[in-house]
Amino acid sequence: MREEDTVCVGSDGLQYCKACGEAKEAFFPKGDFMGMKKHSRQCACDRKAYEEEQKYFKDKEHRELVSRNTSICFDESRMEEWTFENADMSDAVMHKAKKYVDNWEKMKRNHIGCLFWGPVGTGKSYVAGCIANDLLKREVTVKMTNFNTIIDDIFPLADKTEYINALASYQLLIIDDLGVERNSEYALGIIFSVIDRRIRSGRPLIITTNLPLKEIKSETMLDKRRIYDRILEMCTPMYVGGTSKREAIASMKMEKAKTLLNANRGEEKCE
Ligand SMILES: [Zn+2]
């Protein structure tokens with residue numbers, strides 16, 4: 001569009017925007033400046049366009065940061081789908097998990113973590129994944145991993161401290177499935193170092209485990225005892241029970257299949 005189409009000259013001699021009616025020029029307050037009487041100014045349309053451009057770049061930067069942090073957070077991309085939006089929010093634990101992220105600043109300040117415990121297949125990892133994804137969207141750095149991966153990663157490293165310090169530096173660390181890893185003295189030593197370093201960093205830690213809380217609290221083996229003591233110091237135990245999520249999905253699918261099959265039979269009858 002040519003400029004003459006969008007501006008007109010007012011009775012004061014200044015150019016005005018035809019769209020918003022605001023002046024696109026203004027007089028210098030003290031008469032003239034280096035021989036010039038007027039200078040250009042932004043009309044409402046110019047300001048709006050500028051704001052939109054700023055917002056576009058800010059949003060783009062945010063999306064890129066979240067996407068980068070998300071790919072660092074998870075070992076498996078399917079975990080990116082574990083969100084509160086996709087979850088059954090009538091579930092009591094899900095509700096508590098959402099409260100945790102909504103109060104994240106307080107949780108962080110008070111070094112509060114969670115210990116999600118309960119039987120296999122009840123969705124403990126899923127709950128932790130929902131917390132991770134929600135915080136990632138708020139530009140929080142999160143790492144969700146497990147001790148088998150950590151032990152494999154650390155084994156060949158000359159400088160193990162650097163790796164352990166890196167795990168302590170994420171704003172939230174989630175260790176999935178504690179208790180399934182090897183029980184060797186070496187493995188337990190690494191686990192203790194990671195947990196201990198994390199707790200000393202003062203940053204929150206979330207653990208999921210199939211181990212019963214009673215077992216965690218009454219462990220007598222010294223190498224494990226000192227690990228569990230550290231965890232209980234910082235992580236609030238939360239039971240994740242009820243029907244196994246996998247069983248529930250399977251039975252839902254079965255019901256759906258039954259309904260569909262019966263409906264089809266019904267249609268056949270009508271013909
Ligand atoms: Zn305008």
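The values are calculated or read from the model by the stated rules, or taken from the named source; none is laboratory data. Quick caveat: nothing in here was measured; it's all calculated off a predicted structure. No Cβ is skipped: glycine too gets one built from the backbone with ideal geometry, and neighbour counts run over all protein chains shown. What goes into the accessible areas is simple: the full protein's heavy atoms, side chains included, and nothing from ligands, DNA or RNA. Shrake-Rupley method; radii C 1.70, N 1.55, O 1.52, S 1.80 Å.
When only DSSP loop residues count, what trypsin sites (Lys or Arg not before Pro) in region 180-220 have their Cβ near at most 16 other Cβ atoms within 10 Å? Don't jump to the answer; show the numbers that get you there.
Values: sites: ARG182, ARG197, ARG198, ARG200, LYS214, LYS217; in loops: ARG182.
In loop regions of region 180-220 (DSSP not H, G, I, E or B), the sparsely surrounded trypsin sites (Lys or Arg not before Pro) are ARG182.
When the charge dipole of the chain is built from unit charges on Cβ atoms (+1 for Lys and Arg, -1 for Asp and Glu) and taken about the Cα centre, the candidate among LEU188, VAL127, PRO237 whose Cα reaches farthest toward its positive end is PRO237. In a reduced charge model with +1 at each Lys and Arg Cβ and -1 at each Asp and Glu Cβ, the chain shows a dipole moment near 780 debye about its Cα centre. Cβ under 14 Å from GLU181's Cβ, GLU181 left aside: what net charge do those residues give with Lys, Arg +1 and Asp, Glu -1? Charge balance near GLU181 sits at -4.
From the protein chains alone at 1.4 Å, what is the descending order of accessible area for VAL142, VAL120, largest first? Walk me through the numbers before you get to the answer.
Numbers: VAL142 0, VAL120 100 Å².
Sorted descending by solvent-accessible area, the residues read VAL120, VAL142.
Per residue, the chain exposes 61 Å² of solvent-accessible protein surface, assessed with a 1.4 angstrom probe and all protein chains in place.
Loop-located GluC sites (Glu not before Pro) across region 7-65 with a Cβ neighbour count of 14 or fewer within 10 Å are GLU22, with loop assigned by DSSP. Magnitude of the charge dipole for region 1-110, about its Cα centre and with charges confined to Cβ atoms of Lys, Arg (+1) and Asp, Glu (-1), is about 560 debye.
In percent, what relative contact order does the chain have, based on Cα pairs under 8 Å that are 6 or more apart in sequence? Answer for the chain is 19 percent.
If the segment from SER67 to ALA166 were pulled out straight at 0.36 nm per residue, it would be longer than the present Cα-Cα gap by 33.7 nm. Looking only at the chain, where both bridge partners belong to it, what percent of the DSSP beta bridges are antiparallel (to the nearest 5)? For the chain, the DSSP antiparallel bridge percentage is about 30.
Can you send over the solvent-accessible area of SER193, 1.4 Å probe, protein chains only, in Å² to the nearest 10? Around 50 Å² of this residue is reachable by solvent.
Which loop-located trypsin sites (Lys or Arg not before Pro) does region 1-91 contain, where loop means any DSSP state but H, G, I, E or B and the Cβ has at most 14 other Cβ atoms within 10 Å? Before the final figure, lay out each step's value.
Values: sites: ARG2, LYS18, LYS24, LYS30, LYS37, LYS38, ARG41, ARG47, LYS48, LYS55, LYS58, LYS60, ARG63, ARG68, ARG78; in loops: ARG2, LYS18, LYS24, LYS30, LYS37, ARG41.
Sites meeting the loop and neighbour criteria: ARG2, LYS18, LYS30, LYS37, ARG41.
With helices as the sole contributors, the chain gives -17000 deg cm²/dmol at 222 nm; each DSSP H run of n ≥ 4 counts as -39500 (n - 2.57), and the sum is divided by every residue.
Multiply the residue gap between LEU213 and GLU51 by 0.36 nm, knock off their C-alpha separation, and tell me the result in nm, one decimal place.
Values: separation 162, 0.36 × 162 = 58.32 nm, distance 5.31 nm.
That works out to 53.0 nm of additional length.
Around THR70, with a cut-off of 10 angstrom between Cβ atoms, what is the net charge of the other residues, counting Lys and Arg +1 and Asp and Glu -1? Walk me through the numbers on the way to the answer.
On the way: positive: ARG68, LYS137; negative: GLU80.
Counting the neighbours of THR70, the net charge comes to +1.
Find how much the distance from LYS58 to ASN183 grows on full extension, using 0.36 nm per residue of separation minus their present alpha carbon separation; answer in nm with one decimal. Present the calculation step by step, with values, prior to reporting the outcome.
On the way: separation 125, 0.36 × 125 = 45.00 nm, distance 4.74 nm.
That works out to 40.3 nm of additional length.
With each label modelled as a point 7 angstrom along the Cα→C-beta vector, the LYS106-ARG41 pair spans 4.7 nm.
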